[in-house]
Amino acid sequence: KNIDRDIILNVNVGTTVKGAVDNLDRILRILDKLQVPRSQYYIHCDGALFAMMMPFVSSTKGYDVSFEKPIDSMVVSGHKMLGCPMPCGVALSRKEHVQKVETHIDYLNSVDTTITGSRNGQLALYLWYNLRKKGIHGIKQDVRYVLIISIVWDMLF
């Protein structure tokens, strides 16, 4: 009915309470079936919780989220799975969208691509430190531990 209208989709990649994950591949098949042109939809993936875990969970086939697919942006949190001591995260977006918000800052002779015009450098250091400290092996161990705890919790309650 409203096929001529632009579409903005938020794809959940692990909700905080139940861990629900939307099937991105299914959503893309529906858009294709409806013949919605790529220029007419924007897909944002909210991976605040589960996106850091997803690469290490074998049962996510068909739910993979990647910029190799036609998604436009994604967020991940550093204070959830990585354990940074303060709320922080990273927003990733395709370059064509970032360029729409960039502003030239004369006194810096540089371009700013943050929405607010500023960012907390300390939080970036926390993210970098935790990624370096844990490494892929450490994150994989954390994911295994979380999954084991959730299975035990489910059996007990």
Amide H to amide H, which residues 5 or more places from residue 42 or on other chains are under 5 Å from it, using H placed in the peptide plane?
7, 8, 9
Among DSSP bridges having both ends in the chain, what percentage is antiparallel? Round to the nearest 5.
50 percent
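For the range 38-120, just say rounded, prolate or oblate: build the C-alpha gyration tensor, square-root its eigenvalues into a ≥ b ≥ c, call rounded for a/c under 1.5, and beyond that prolate if a/b exceeds b/c, oblate if not.
Working: a/c = 3.43, a/b = 1.40, b/c = 2.44.
Note, shape of the range 38-120 comes out oblate.
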Can you pull the percent of the chain's accessible area that's carbon plus sulfur, 1.4 Å probe, other chains left in place?
57 percent
Aspartates and glutamates whose Cα lies under 14 Å from that of residue 69, excluding same-chain neighbours fewer than 8 positions away:
25, 32
Just to confirm my numbers, what's the Cα centroid distance between the range 110-157 and the range 1-70 in Å?
21 Å
How large is the accessible surface per residue of the chain, computed with a 1.4 Å probe and reported in Å² as a whole number?
72 Å²
Stokes-Einstein D in µm²/s, Kirkwood radius over Cα pairs - the range 80-157 at 10 °C with 1.306 mPa s viscosity
101 µm²/s
Return an integer: the convex hull volume of the alpha-carbon atoms of the chain, in Å³ per residue.
159 Å³
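The values are calculated or read from the model by the stated rules, or taken from the named source; none is laboratory data. Please read all numbers here as calculations on a predicted model, not as lab measurements. Accessible surface is based on the protein model in full, side chains and every heavy atom, while ligands, DNA and RNA are left aside. Shrake-Rupley method; radii C 1.70, N 1.55, O 1.52, S 1.80 Å.
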